[in-house]
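Asker: Right, I'll just put the structure down here and ask away after.
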Amino acid sequence: MATEVRIDKWLWAARIYKTRTIAAEACKKGRVSLAGTTLKPSRTIKVGDVIDIKKAPITWSFKVLQAIDHRVGAKLVPEVWQNVTTPEQLKVLEISKLSGYAERAKGTGRPTKKDRRSLVDFSEDVNHQNLTDEDAGLDFEFDFDKDEL
């Protein structure tokens with residue numbers, strides 16, 4: 001067992017990322033840090049280091065228990081790293097799971113099938129029923145003084 005190992009190899013070997021390429025890419029994009037400093041894929045880590053990994057919607061923190069460079073079985077993962085993610089971050093994760101809504105930046109990607117069906121249903125309700133404002137439950141009567149504005 002090595003005393004130091006490359007971060008991209010460790011992330012792959014510890015089963016945090018599925019492939020070493022994805023682990024190296026995460027390092028290059030600044031998603032992996034050690035004590036607030038972003039790490040390059042070739043940076044070495046040692047036992048006792050705490051690695052922060054940004055995976056939406058939270059930042060995970062892992063303490064290195066073993067510096068390994070060969071992938072281990074899933075049952076051996078608890079011997080390799082310890083999850084030390086803050087309770088605040090875990091609370092954010094729980095809230096996002098409960099909401100059941102995946103955040104997507106406006107204008108990125110196609111709407112999901114459910115989103116599309118909701119849009120179609122909404123547009124059919126408004127356009128095909130020829131509802132008046134009163135029928136649709138819309139009340140646009142505003143009483144205000146222009147002097148107050």
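Throughout, read-outs are computed from the coordinates displayed, never taken from laboratory work. Bear in mind the structure is a predicted one, so any value in this text is a computation, not a measurement. Here the Cβ positions follow ideal geometry from the backbone for every residue, glycine too, while neighbour counts run over all protein chains shown.
Asker: Calculate one ³J(HN,Hα) per residue across region 27-42 by plugging θ = phi - 60° into the Karplus curve 6.51 cos²θ - 1.76 cosθ + 1.60, and present them in order as whole Hz with x for glycine and proline.
Answerer: Each residue's phi maps through the Karplus curve to give 5, 5, 7, x, 8, 10, 9, 10, 6, x, 9, 5, 10, 7, x, 7 Hz.
Asker: Short version: ³J(HN,Hα) in whole Hz for each residue of region 78-90, in order, from phi by Karplus 6.51 cos²θ - 1.76 cosθ + 1.60 (θ = phi - 60°), x for Gly and Pro, what are they?
Answerer: Result, rounded to whole Hz: x, 7, 9, 9, 10, 6, 10, 5, 5, x, 4, 5, 5.
Asker: Of 9/97; 46/91; 46/97; 18/97, which ones are farther than 27 Å apart at the Cα?
Answerer: 9/97; 46/91; 46/97
Asker: So how much slack lies between residue 29 and residue 110, counting 0.36 nm per residue of separation and subtracting their Cα-Cα distance, in nm?
Answerer: Stretched out fully, the residue 29 to residue 110 stretch lengthens by 26.7 nm.
Asker: Here's another thing I want to ask about it. Find the eigenvalues of the gyration tensor of the Cα atoms of region 1-71, then list the square roots of 5 times those eigenvalues as equivalent ellipsoid semi-axes, largest first, in whole angstrom.
Answerer: Working from the Cα gyration tensor, I get semi-axes of 17, 13, 11 Å.
Asker: Also: Students often check this: by mean Cβ neighbours within 10 Å, which of 23-34, 113-124 ranks highest, and how do the rest follow?
Answerer: Answer by packing, highest mean first, reads 23-34, 113-124.
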